[in-house]
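Reviewing the structure listed below.
The values are calculated or read from the model by the stated rules, or taken from the named source; none is laboratory data. Note that the structure is predicted; figures quoted are calculated from it, not measured. Positions of Cβ are generated from backbone atoms using ideal geometry, with glycine treated the same way; all protein chains shown enter the neighbour counts. For the accessible areas, the whole protein counts, side chains as well, though only heavy atoms, and no ligand, DNA or RNA atoms are used. Shrake-Rupley method; radii C 1.70, N 1.55, O 1.52, S 1.80 Å.
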Amino acid sequence: MADKKRKGKKDEIPQPSTIEVTEKVLIESNNNTTFILMLQSKEENVLYTACDAILKVAKKGDRSKEELVSLGAVPPVLQLFSHAILDIQRYAAMTMTYLISVDSAIKQFVQLDGISLTLKALAIEDLSMQEFLTAILVYVAGHSDYRNEIIVNNGVAVLLKKLDSSNSDVQKNSVEILKCLFENPEAVNQFCEAGGLRILFSLLSSQFPVIQVLALNVLQKCAKNESCRKWILLKDGVDQLMEILYNDEFSDLHASTLGILLECASSPDIVVYLQKVSAINNFLSFVEGTEDNETKQLSLSILAKMAQTNEFRDLLHCDGIEKNLHQLLNHHSQSVQTAAAEVITEMAASHSSKESFLNLGTVNQLSTLLQTSSDVHLLQALISSLSVLTTGSLKSCRIIFETGGLKPLVEVIKTDVCDEILESSLTCLRNLGIYYLAREKAVECGVVPVLLKFLNCISSVKNFLLFQHYLVYCLHGILLLFSIFVGLSSQQHLFQWLLKSLLKMEPSDSTYDGFYDTGAMRLGEMFGTLEDYRSRPVDARRPVLIVNTTIFPSLPCCTSTNSEASVSLSSEQDTKDSPQMKTKTSQLQKNVPSSPPGSVMDPTVTDLPSDPRLHTFVHQVETLLDSASDMKSQLQLLAQFVSDKMGGAVQVGQDLALGVELHLNELKNNLQCNALPLGYLKKGSFSHRALLFKVLADKVLLPCSLVRGTYGRAWNEILVLGGFLQDERPYTLSERYIVDVMHIPGRLLHPDSTEAAEYMHI
């Protein structure tokens, strides 16, 4: 009896003779089954002996643990968790910390309700026991299939209490388990509702760095939750995090802390607070000074989120961040390059920053990186930044074209990429479409079949709505060229449908060199060729206006076929598809395939009178529109330009007829010809200005129609393309306006408004 009582004492070890016997049996029999059977004994000394023997075997290595598990050691060991004697409970828990590392053991453990038993055993006020039990749960929580079992068994609340433990190992294990559980948002909600954030922040003052890092990692997962972010702001959590960043002694914690602040930056209120406490200086110091790539990358990512507001963009611009970002594009770390490109994307929304990037050569650098990068994240960031920098910037478009950045963009949309990269690529190509050389290059690179593939593959309404905005941009910016349409007879109906239904335009509505306008024709009058009109004696009739933007007297590489082609222009009296004008065009043999038999348009060549002034207009407009931030601004600038070149603004009701007529007659007499180059006109009324606006709009690929009214009235209908909301739902695809080139140049009139009606009719 005395021996039995002694062996049951808390720290007593079994007699050496007993251990020697058990070791002898183990060695001689080489069979652990006996000791597993002994775990079911009701005798304390037998249990001590068995537990000690199995623990020693488990410590020998993986093969020994696997053998014990295969022999059925898990169920009896787990059963001892609820034994009446604490020492035996400890033995069992310690043994299970070894066995649980075997995958099959975890499965048995969960099936035998081991999670529930372990959580209940954590109520035992013994730190050693708690250390072993939490270590077991660390293994279980590491398997995603079993985490939910811990959550449904109230594990979050149990572990929350252990965060205050005086045992650092219990604290560490508990935080590590919560880190795994917080992959489930429900666990985060339970934790925050139970007041866990306060305890987590207290762990940031722990003397053990590993606990501090784990606490920060858990806080980062919590910061994804909006209610947690509110708590962090209200309870001075942001200040605590900033104190860590201010302290150089905690440099090993800076990256983890920045990870939390990156999540917090999703809340506008926290962004405002960060501005208030001048956190920008701290983030910039990390961007400029730290050698740690993760710290630098996270600081940049925070700045990218904060730069989504105009006020913060201005602050960053004042600090000259553009230069730092430009330099970081050459960084050896792709993650840092990616983060720098993301900040550039946000900063480029500011016109002043966009100019800074242009002056620094950032567009050139981004284009070069685009051609060498294979990392998908960096690729996405580069294309996104280029799509913003090229919007409304002809200069950026030229740089990308000249540095060879266009071909990689076309290659990107040929591959299977995510929607975000595809959308940015298409937007960038649309922007590049304003530059005529880029359009030709895009066609050479095979952009047409790719876009056709998109059209043919878009089967659902949802997908069509997702892509139609970008397809319209690209088709209008790259494919709205006569030379392309006539070479794609088999797919021409697709383009006609798209342009007609979405842009309310026809492919033949475009003007080009060789286009000529005869004005309104008398009833029964035959439509003549340009040679006919040029050869007739000078008379009092309205002159024929010729479009020729080349400075040469005739176009090179031409084949003279002397055939005619009709152009459908909008008319108030007739349908929009009725032919109102005919034209002769040129075909560059290098780029334009011959038109198919039966084509509506038959491009031909004729000698055209040189029009250096119109040629200059095109280049002036390209430069002018380079300063515009969006399409609407471009259209307004173009309207003002046309008005200036045609005599300036005219008051409503002012009679221009006599002055314009005298000017036209003078030109006809000087040239001794009824056909005048459009650029020669320095005075013009509604029809003349509308024609010039249409010609220039076509040259820079702005959506525009020329509509004829009565009594010499004509006007331009323009299309301002829309975009996407933050959740990627498309808002208004396009808005139509009547553009004023007469009275208040640049004024955009809604087609149904009273002002528009007064503009279109006498």
Keeping to segment 152-165, report how many residues are surrounded by 17 or more Cβ atoms within 10 Å (Cβ to Cβ), hydrophobic (A, V, I, L, M, F, W, C) and over 15 Å from Leu216 (Cα atoms). 4
Scan segment 28-46 residue by residue and report those that are assigned to a helix (DSSP H, G or I) and either over 12 Å from Thr95 (Cβ atoms) or open to solvent by 50 Å² or more (accessible area, probe 1.4 Å) (or both). Glu28, Ser29, Thr33, Thr34, Leu37, Met38, Glu44, Asn45, Val46
Which residue is most open to solvent (accessible area, probe 1.4 Å), if the candidates are limited to segment 166-188 and must be touching an Asp or Glu at 6+ places or on another chain (Cβ under 9 Å) and not aliphatic (A, V, I, L, M)? Asp169
Evaluate the following for Val363: is it farther than 22 Å from Thr309 by Cβ, of a type outside the set (Phe, Trp, Tyr) and open to solvent by less than 20 Å² (accessible area, probe 1.4 Å)? yes
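Do we find that Leu452 is at pLDDT 80 or above and among the aliphatic types (A, V, I, L, M) in this structure?
Details: at pLDDT 80 or above: no; among the aliphatic types (A, V, I, L, M): yes.
Here the answer is no, as Leu452 does not meet what is asked.
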I'm trying to understand the selection: among the residues of segment 382-436, which are over 25 Å from Ala697 (Cβ atoms) and in contact with a Phe, Trp or Tyr (Cβ under 6 Å, 6 or more places away or on another chain)? Glu423
When segment 301-327 is checked residue by residue, the ones that are assigned to a helix (DSSP H, G or I) and open to solvent by less than 20 Å² (accessible area, probe 1.4 Å) are Ser301, Ile302, Leu303, Ala304, Met306, Phe312, Leu316, Ile321, Glu322, Leu325
When you check Ile260 against the structure, is it open to solvent by less than 50 Å² (accessible area, probe 1.4 Å), modelled with pLDDT under 90 and under 26 Å from the mean Cα position of the chain (by Cα), yes or no? no
Selected residue (criterion: most open to solvent (accessible area, probe 1.4 Å)) from residues of segment 345-359 that are touching a Leu at 6+ places or on another chain (Cβ under 9 Å) and assigned to a helix (DSSP H, G or I): Glu346
Output the residues belonging to segment 47-72 that are under 60 Å from the mean Cα position of the chain (by Cα) and either among the aromatic types (Phe, Trp, Tyr) or open to solvent by 40 Å² or more (accessible area, probe 1.4 Å) (or both). Lys56, Lys59, Lys60, Asp62, Arg63, Glu66, Glu67, Ser70, Leu71
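Considering Thr368, Thr403, Thr391, which residue is surrounded by fewer than 22 Cβ atoms within 10 Å (Cβ to Cβ) and at pLDDT below 90? Give the steps one after another, and end with the answer.
On the way: Thr368 fails: at pLDDT below 90; Thr403 fails: at pLDDT below 90.
Of Thr368, Thr403, Thr391, the one residue that is surrounded by fewer than 22 Cβ atoms within 10 Å (Cβ to Cβ) and at pLDDT below 90 is Thr391.
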Restricting to segment 605-622, what's the tally of residues that are outside any loop (DSSP other than H, G, I, E, B) and among the hydrophobic types (A, V, I, L, M, F, W, C)? 4
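Rundown of residues vs (1) of a type in the set (A, V, I, L, M); (2) part of a loop (DSSP other than H, G, I, E, B); (3) closer than 28 Å to Gly514 by Cβ; (4) open to solvent by less than 10 Å² (accessible area, probe 1.4 Å), yes/no style:
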{"site": "Leu624", "(1), (2), (3), (4)": "yes, no, yes, no"}
{"site": "Lys632", "(1), (2), (3), (4)": "no, no, no, no"}
{"site": "Leu638", "(1), (2), (3), (4)": "yes, no, yes, yes"}
{"site": "Asp644", "(1), (2), (3), (4)": "no, no, yes, no"}
{"site": "Leu676", "(1), (2), (3), (4)": "yes, no, yes, yes"}
{"site": "Lys682", "(1), (2), (3), (4)": "no, yes, yes, no"}
{"site": "Leu692", "(1), (2), (3), (4)": "yes, no, yes, yes"}
